[in-house]
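Working notes, structure below.
Bear in mind these aren't lab numbers, they're just calculated from the coordinates by the rules spelled out. On a predicted model such as this, the values are computed, not experimentally measured, just so you know. Cβ coordinates were reconstructed from backbone atoms using ideal geometry, including for glycine residues, and neighbour counts include every protein chain displayed.
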Number of protein chains: 2
Amino acid sequence: MSDIVPLRDIPEFDLATDVLVAGFGGAGASAALEARRAGAEVMVLESSSGGGGSTQMSACEMYLGGGTALQHDLGIEDSVDNFYRYLKACFGDNCDEERLKLFCEGAVEHFDWAESLGVPYKRGFFSGRDVVAMTGDSLQYTGNERAWPFTETAAAAPRGHLPADADHSGGLVFMGHLMERVRESGADIRCDARLTALVQDDQGRVVGAIARIDNRDVSIAATRGVVLCTGGFIMNETMTRKYLPDLDSIATRHGNPGDRGDGIRLGQAAGGNVINMGEAFVGIAHYPPPQLTYGIFVNEQGQRFVNEDVYLARLGHYAVQQTGGRVYMFIDNRHFERPAYLEVDIVAVGESVAEVESEAGFPEGALQHTVEFYNRHAAKGEDPLFHKAKDWLMPLDCAPFALVSYALDQIRPPVFTLGGLEVRPTGEVLRPDGSEISGLYGAGRTVAGIPRTSAGYASGMSVADVTFFGRLAGRQAAAN
Amino acid sequence: MSDIVPLRDIPEFDLATDVLVAGFGGAGASAALEARRAGAEVMVLESSSGGGGSTQMSACEMYLGGGTALQHDLGIEDSVDNFYRYLKACFGDNCDEERLKLFCEGAVEHFDWAESLGVPYKRGFFSGRDVVAMTGDSLQYTGNERAWPFTETAAAAPRGHLPADADHSGGLVFMGHLMERVRESGADIRCDARLTALVQDDQGRVVGAIARIDNRDVSIAATRGVVLCTGGFIMNETMTRKYLPDLDSIATRHGNPGDRGDGIRLGQAAGGNVINMGEAFVGIAHYPPPQLTYGIFVNEQGQRFVNEDVYLARLGHYAVQQTGGRVYMFIDNRHFERPAYLEVDIVAVGESVAEVESEAGFPEGALQHTVEFYNRHAAKGEDPLFHKAKDWLMPLDCAPFALVSYALDQIRPPVFTLGGLEVRPTGEVLRPDGSEISGLYGAGRTVAGIPRTSAGYASGMSVADVTFFGRLAGRQAAAN
């Protein structure tokens, strides 16, 4: 079947609704709920046998700031302006100013909304360094807030909002509540129902869709619009080869099997533009344990290339740029431990840096200089090259020493996509000439949202982005 | 006017031809000539008052290998396989295998074609290091052929084919001959005629176009097809902000005023896909004079990051990745000279490396180590970190020393785009689902061609690519 079916080819629709939402993950569920609350009839199509999407597979941290109730109750200082300055430092010229402002100004309300769904958040602050707080606490640092150069433009504030006592299972908790609210709202939820085509009238307005349900092509009229929330495209190898050629061979595809780019492809077929398609999240979980942050990363030249206290996706961003993706951690016996989430190889061990250097095959003096220079300044609490925070500076001088390989083709880092349809913050899908496609909306990783580069990513940015803008898209479609 | 006009809205076309070519630069002229030679009626639309495009503004090197007549006559050894291996090393996973093979296998014939147009090529080989040979010779090295890591997979061969005695004006010579051949062929060439819309029938076939000629919208039937050759999009600030956000503020826009992305936008409106939109050529002309290659580039950390004997676009690629785009050349009095094509600032001068280091504000020992390490190995003809070729290795030990800033926001490097419509090697524009848009073709920088990253670029790759694949597209359209 073609991606687009002209309205004139459909004598009568099999089903009808006001707002048709494709995808029942974080974005789709948020869109469905808001559209329903705005008074629209809503039908949700989910290609798998149950909803939840990639959001449900995640820990479901939400990256929110500006003074949320949770931040407030825990005495954490943050402001809309400070939150904005941090995100602006993260994405610089690669962001949509209007989207960013809306998000920063709306984040406090968005957290209230999440709590109102019934998602429990515990008034506890985990100040340590971990991907996900395992203490039951709901607030933690999840990005580069305490790392250079971000500390130069924004006061550090923890903004990862995690369902209470959920550890890595926050997604189940969060999506459980959210999907239950959608069900209660009266939305018509159809699982094992994959969106296969959009229906367009002669003026280009999207007036419905075709879905594959029970081995039959079912036509569905959507009088107010279709909202595409089918996730990213990391599971579509044709697309990743095309758009992320350099990452394709090293990536562990991070997402749910439905992340095939269906919504992106159909949105394009309807005339929509795609942007940021060459960018992706690349995560190297170099912590926990946090003490590994005392180590230093070096490249094939034996040179450091990043402050090691960054978030794991920023490390990934820089690691990809190093020759052949060959990166190593040099560490001493005082701080060595195996990383919790990565299988790494120890390349060399020695009683002196010179021994490690020689065993690992670095040219004489290269690694020794790096370590000597680092140690000399670390002893003074300084890192003049990359400005790692003082808390993580301690000379690496406790023999034996080890060099650990984090080579990208060995560790195969998790990768997911950060490009998609170009949409207004309120979800309207845009053509290449900037005009709107009437009746067509998108949210979630089907579109290019707030996070647009691994260099500025923080855990929770996607869940916050997809639910926040999913809500806006649902509301906008309902008002159509 | 809308980008797409339905056929049913056009009662009668004002003009008619078999193949309509939009753009009279290198790609368009090549397409027009081949289509005409294949027996089709051809009309060419050029938005400016004369043809030539960005190809005419260039030195018109063509990057060709595999044993061209010029290589052969000069006793240069190359083979199709060696040529292929070199280009494969340049673009790795970011290339279209079918396109690359066609190009490597067809390059010898393509040079013969260029000579048959009347373009003079002098049987002289310039073996020096310059952006363009100023000796009148027609063959030279123009890329990374003699630089690591390319030397590991392909035997170095010069492949820049430059019109004789033309210096920087090769484009005028080349396009002069090519455009004259197109005129002689009987193609109907219309200047001051900008393509403004495509005409599509109900099945999606492109059957004509609308052009703005003499302040009037003129409809033109194209029975065999439309070939989009309107150049890249570096002059379209809306598009560069969207697709190249990180380069937008530092770029000197390199191209002709017609590089507005017209063909890309219209091809998208007709349903075409775009790929590689985030990639661009970034050139830092760190030579001539060639002796500057003896210097070393360092970043804000005082560390080297590339072998300095690379082509200027590979330096650009790595320079962009350094913190804040702050890169410097360290050089001694024996080798210092001002670069021929760049305005650079001298940041620090000193009788010792320590003095330069201190004056430039590097942390003590950072630059000194880099220079000491480099010098120690250079004295032995080695560069264990970045493998600069032996010819360019000499200790930097002749005081006084200088540190020269090549900061990207000061030198504002020339940038042009390497993304565009996704097309088959023979020019058929593809939809996101991989199907062809009947009647629509593209070539030149309107499409994603052979060169897809600055890291693997060489002078002459665009002109070779746009003319080679322009010819194929013209032939394919004529055969439609």
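Relative to one another, the C-alpha centroids of the stretch A:409-480 and the stretch B:99-137 are positioned 46 Å apart. Working note: Karplus 6.51/-1.76/1.60 with θ = phi - 60° gives the stretch B:449-460 the couplings x, 5, x, 10, 8, 4, 4, x, 5, 9, 4, x Hz, where Gly and Pro are set to x. Extents of the stretch A:1-148, largest first, come to 60, 36, 29 Å (Cα atoms, principal axes, whole angstrom).
Ordering B:Lys388, B:Lys380 from the fewest to the most neighbouring beta carbons within 10 Å gives B:Lys380, B:Lys388. Can you say what percent of the DSSP beta bridges in chain A, counting only those with both residues inside, are antiparallel? Round to 5. Taking every DSSP beta bridge with both residues in chain A, the antiparallel ones total about 60 percent. Each Lys and Arg contributes +1 and each Asp and Glu -1, all at the Cβ; summed about the Cα centre of the stretch A:284-411, the dipole is approximately 440 debye.
For chain B, the dipole from Cβ point charges (+1 on Lys and Arg, -1 on Asp and Glu) about the Cα centre works out to 580 debye, to the nearest 20. The shape of the stretch B:341-436 comes out prolate: with a ≥ b ≥ c from the C-alpha gyration tensor, a/c is at least 1.5 and a/b beats b/c. Zone of B:Ser49 (label point 7 Å along Cα→Cβ, backbone N under 17 Å): which residues in the stretch B:188-214? What the label zone holds, given the 17 Å backbone N cut-off, is B:190-194, B:213-214. Starting from the label point of B:Asp188 at 7 Å along Cα→Cβ, the same points in the other copies fall at 5.4 nm, in ascending order.
Spacing of the modelled spin labels on B:Cys398 and A:Glu372, each 7 Å from Cα toward Cβ, amounts to 2.9 nm.
In chain B, a dipole from Cβ-located charges (positive for Lys and Arg, negative for Asp and Glu) runs towards its positive end, and of B:Ile275, B:Phe150, B:Val207 it is B:Val207 whose Cα lies farthest in that direction. The equivalent ellipsoid of chain A has semi-axes of 44, 24, 18 Å, largest first, where each one is the square root of 5 times an eigenvalue of the Cα gyration tensor. Taking amide H as placed 1.01 Å from N in the peptide plane, the amide H of B:Val327 sits under 5 Å from that of B:Tyr406, B:Ala407, B:Leu408, each at least 5 places away or on another chain. Taking only alpha carbon atoms, the stretch B:290-411 gives an Rg to Rh ratio of 0.92, where Rh is the Kirkwood radius. Dipole magnitude for the protein assembly as shown: computed about the Cα centre from +1 point charges on Lys and Arg Cβ and -1 point charges on Asp and Glu Cβ, it is near 1100 debye. Its DSSP H runs of at least 4 residues, each contributing -39,500 (n - 2.57), put the calculated 222 nm mean residue ellipticity of the protein assembly as shown at -8500 deg cm²/dmol, to the nearest 500. The amide H of A:Ile213, built 1.01 Å from its N in the peptide plane, has A:Val218 as neighbours under 5 Å, considering only residues 5 or more places off or on other chains.
Principal axis analysis of the Cα atoms in the protein assembly as shown yields extents of 81, 79, 42 Å, listed in decreasing size. Of all beta bridges that DSSP places with both ends in the protein assembly as shown, some 60 percent have antiparallel geometry.
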